[in-house]
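What follows is one structure encoded as structure tokens, with my remarks underneath.
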Amino acid sequence: MSEELLQRGLNKSNPTSKIGKWDYYNIGSTTLKALKNAGIIRNVNYGEVENKKVDALIVSKQNVIAVIEFKQPKEFKTNSQQQKAIDQAINVAKILGAKIIIATDTVDTLWINALTGEKILDEEGKNISLLFDPSNEQLPALIEKISYSINETNNQLLSPKLVNPTCLASSIWQDVWSVSGAKSRNSFYSLIEMYATDTPNEVLTYYVDNIRKKIKELFPYNPLDNTTIINGSVFVSNDQKAADSYSTVFFKVLDKFNKYGRLEHIDYDFKSKLFESFLKESISKKKLGTIFYTDESSSSNRNDYSR
């Protein structure tokens with residue numbers, strides 16, 4: 001571990017500070033190799049830049065979100081000086097997989113799309129100039145919006161496009177129901193539970209023994225209104241162990257989530273559309289309601305939902 005990290009007590013669990021949900025490391029005297037060895041960034045070969053030092057990083061679970069380049073005001077006055085600062089960071093940012101470069105002298109700040117080398121623009125086409133200050137409460141929202149918007153062909157902030165994953169939900173419903181023969185209520189609860197995890201390398205046993213328990217801890221059962229997001233019973237046995245016979249479909253479901261993409265900015269009508277999509281084949285609205293509001297004994301038999 002580098003001397004700087006040791007002296008300041010920095011590691012993957014103890015960043016300099018937090019910027020929203022991300023870890024902020026102000027580490028101007030530490031090489032990428034040392035950061036890798038400390039588990040702060042991904043353990044991959046960074047090639048020719050491995051021995052380079054960066055002024056600061058914004059990191060999320062070893063993935064670098066932004067590279068920050070600090071300059072003295074006297075070194076950041078002219079366009080050529082500012083471009084030099086950008087050039088110093090851009091190759092490192094690309095190899096680290098960061099989309100954002102932030103170059104600042106603590107008076108002026110340049111926000112750069114590392115994928116194009118161009119300045120990032122707001123919705124009106126103006127250069128973003130928000131001063132980089134880790135304590136600035138506006139910073140997390142801006143970084144989130146930049147991350148969502150920019151790519152190899154776009155440097156401008158975009159309004160989030162609402163996502164409606166009804167087709168994904170319907171497909172997963174069929175997978176869960178077809179292999180388990182579960183009553184509609186349990187199949188539906190299992191589907192909702194799966195929205196809490198969308199990483200395909202989470203195998204069923206690890207999910208049941210670790211992730212599921214953590215979700216229950218974070219979102220405990222509320223006896224006042226009888227609600228919880230963990231109700232599914234398809235992938236777990238009565239003694240709350242992984243149902244190994246369903247591990248293949250579990251992976252299949254996770255793979256569908258992964259291929260669909262990020263579930264952010266979900267359409268506000270998704271809940272009602274989900275209800276309609278799953279249960280529209282029922283013979284009456286009364287039986288629709290039983291899936292959500294009555295006991296298993298009053299639910300329709302399996303064949304009512306086979307289409």
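Structure notes:
- In the set Asp133, Asp87, only one residue is surrounded by fewer than 15 Cβ atoms within 10 Å (Cβ to Cβ) and either touching a residue at least 12 places away in the same chain (Cβ under 8 Å) or under 20 Å from Ile27 (Cβ atoms) (or both); that residue is Asp133.
- Condition check for Ile120: in contact (Cβ under 8 Å) with a residue 40 or more places away in the chain and crowded, with 16+ Cβ neighbours inside 10 Å: no
- Within region 270-284, considering residues that are within 15 Å of Ser170 (Cα to Cα) and exposed (fewer than 13 other Cβ atoms within 10 Å of the Cβ), the one modelled with the lowest pLDDT: Glu281
- Residue in region 27-62 that is surrounded by the fewest Cβ atoms within 10 Å (Cβ to Cβ), counting only those that are in a helix (DSSP H, G or I) and in contact (Cβ under 8 Å) with a residue 12 or more places away in the chain: Gly47
Rundown of residues vs (1) part of a helix (DSSP H, G or I); (2) closer than 19 Å to Trp22 by Cα, yes/no style:
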residue: Gln81; (1), (2): yes, no
residue: Val92; (1), (2): yes, no
residue: Ile102; (1), (2): no, yes
residue: Val107; (1), (2): no, no
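The values are calculated or read from the model by the stated rules, or taken from the named source; none is laboratory data. Given the structure is predicted, the values throughout are model-derived calculations rather than measurements. Every residue, glycine as well, gets a Cβ built from its backbone with ideal geometry; the counts of neighbours run over all protein chains shown.
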